[in-house]
C-alpha cells in the first residue's frame, strides 16, 4: 500500500473516531432510524466509489476509508425524518460528481460532503430543512407523511428573527442537544469535546477551525438577528445548523487547506464571514455548505496574500555606532599574540 494511502487511512480513522460520539447522540435522540440512515449512506458511498472508479478507469482506494467518512457525515447533516434515499443520493453525488473527477481523497478541489449537502439543498429544500420533533421519530416518520411531527429548528428561528429567550433552561438545551436540527450536530458538549481533541491530534487544522468560529462569533455579536441580547445571538448562531460541524470537519480537508499558517487563518476567516453573510441575507436558513465551496475555490490564493506592512511585525532599527563605540570594538578585536602565554616569544621562555 502506498504511503500516501496509509496517511489518508490514518487521517480517516481519526475522523471516524471523532464522528463516533455524534453518531451515538443521533441514535440517542432519533433511535434506530438514525443508525439505518447512517449505515445505508456509508455503504452507498463505498459502492459508489468502487463502481465509479471502474467507469473512470481508476483504481478504487477503498482502503483509505475516505468514502466511509463521506457516507457517515452526509446523514448527520440531514433531518432524521429524511427519506432513506436522500443521504444515499447525496453520497453518490459526493463520490461520483465531486471526488472521483479530481482523482481521490488527496486531490480534491471541493469538499465532497459540502457539495452533496449544497446539491440536496437546491434540489430538495423541503427534505433538507424539514426537521422532526425530538422523540417523535419512528421508522415510518418521513417528512410529509402522516406520522411526521414537525419541529422548529434554531436555524429557522434565526431566519425569522425569533429568539429562544434568556431562560437558563433554554440555553442549557443548546449544549445537551435537546432541540430540533440536523440529527448529528445538535449536541454542543460532544462538539466541544471534539474541538478539544483537535489540540492533540489536528493542531494544524485548528488554526482554520478557530479562525472560522471566532469570525462567526464576532459577526453574531456585532450584527445580532434577535432582540434578546448579543450573547443570546452568539449562542444561537453557534448552536444552529451545521456551523460548528463545518468548522471541525468541512473546512479542514487537508487536500484543500492552504499550506501556510497565514493562509489557513485567512481561509477560516473568509469562510466564517461568508457563512454569516449567507445566513443573514441568503435564501436558505443554512448556507455554510455554499460558503465552504466558495472558500475551497479560492483556497490556493490565501497562501499568496501579502499582509499590509502595518500588520507585519517590524524589527527595531539599530542606531549607527558612534566613533567611540567603533574604536572600542575595534581595539577589543585585536590580541597581541606575542604576549599570550604559550604562543612563542616571551611566553615560551
Residue, nearest to the chain's Cα centre (by Cα), within the range 198-219, restricted to residues that are closer than 17 Å to residue 274 by Cβ and without any contact (Cβ under 8 Å) to a residue 60 or more places away in the chain: 209
I'm told residue 170 meets every condition in (1) under 26 Å from residue 235 (Cα atoms); (2) modelled with pLDDT of 75 or more except one. Can you identify the failing condition by its number? (2)
Of these, 283, 237, which one is assigned to a loop (DSSP other than H, G, I, E, B) and over 12 Å from the mean Cα position of the chain (by Cα)? 283
Answer with yes or no whether residue 46 is more than 24 Å from the chain's Cα centre (by Cα) and in contact (Cβ under 8 Å) with a residue 12 or more places away in the chain. no
Condition met for residue 224 (assigned to a loop (DSSP other than H, G, I, E, B), without any contact (Cβ under 8 Å) to a residue 40 or more places away in the chain and buried (at least 20 other Cβ atoms within 10 Å of the Cβ)): yes
Given the structure, is residue 260 buried (at least 19 other Cβ atoms within 10 Å of the Cβ), within 20 Å of residue 295 (Cα to Cα) and in contact with a helix residue (DSSP H, G or I) (Cβ under 9 Å, 6 or more places away or on another chain)? no
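Let's see how each residue does on (1) within 29 Å of residue 12 (Cα to Cα); (2) modelled with pLDDT under 70; (3) in contact with a helix residue (DSSP H, G or I) (Cβ under 9 Å, 6 or more places away or on another chain):
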{"residue": "108", "(1), (2), (3)": "yes, no, yes"}
{"residue": "112", "(1), (2), (3)": "yes, no, yes"}
{"residue": "119", "(1), (2), (3)": "yes, no, yes"}
{"residue": "125", "(1), (2), (3)": "no, no, no"}
{"residue": "132", "(1), (2), (3)": "no, no, yes"}
{"residue": "135", "(1), (2), (3)": "no, yes, yes"}
{"residue": "144", "(1), (2), (3)": "no, yes, yes"}
{"residue": "147", "(1), (2), (3)": "no, yes, no"}
{"residue": "150", "(1), (2), (3)": "no, no, no"}
Out of (1) surrounded by fewer than 23 Cβ atoms within 10 Å (Cβ to Cβ); (2) touching a helix residue (DSSP H, G or I) at 6+ places or on another chain (Cβ under 9 Å); (3) over 29 Å from residue 201 (Cβ atoms), the one residue 54 does not meet is (2)
So, in the range 286-309, exactly how many residues are out of contact with any helix residue (DSSP H, G or I) (no Cβ under 9 Å at 6 or more places or on another chain) and in a helix (DSSP H, G or I)? 1
With respect to the numbered conditions (1) over 23 Å from residue 8 (Cβ atoms); (2) at pLDDT below 90, which one is the sole condition not fulfilled by residue 290? (2)
Quick one: what pairs do we get from the range 60-85, first residue free of Cβ contacts under 8 Å to residues at least 12 places away in the same chain, second surrounded by 24 or more Cβ atoms within 10 Å (Cβ to Cβ) and not in a loop (DSSP other than H, G, I, E, B), C-beta under 6 Å, 6+ apart or different chains? 60/49
Scanning the range 1-37 for residues that are free of Cβ contacts under 8 Å to residues at least 40 places away in the same chain and in contact with a helix residue (DSSP H, G or I) (Cβ under 7 Å, 6 or more places away or on another chain), the one farthest from residue 85 (Cα to Cα) turns out to be 27
Would you pick out the residues in the range 1-21 that are loosely packed, with under 13 Cβ neighbours inside 10 Å and over 17 Å from the mean Cα position of the chain (by Cα)? 1, 2, 3, 6, 10
Of the residues that make up the range 97-106, is at least one more than 20 Å from the chain's Cα centre (by Cα) and surrounded by 15 or more Cβ atoms within 10 Å (Cβ to Cβ)? yes
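The values are calculated or read from the model by the stated rules, or taken from the named source; none is laboratory data. This structure is a prediction, so every number in the text was calculated from the model and none was measured. We place every Cβ from the backbone using ideal geometry, glycine too, and count neighbours over all the protein chains shown.
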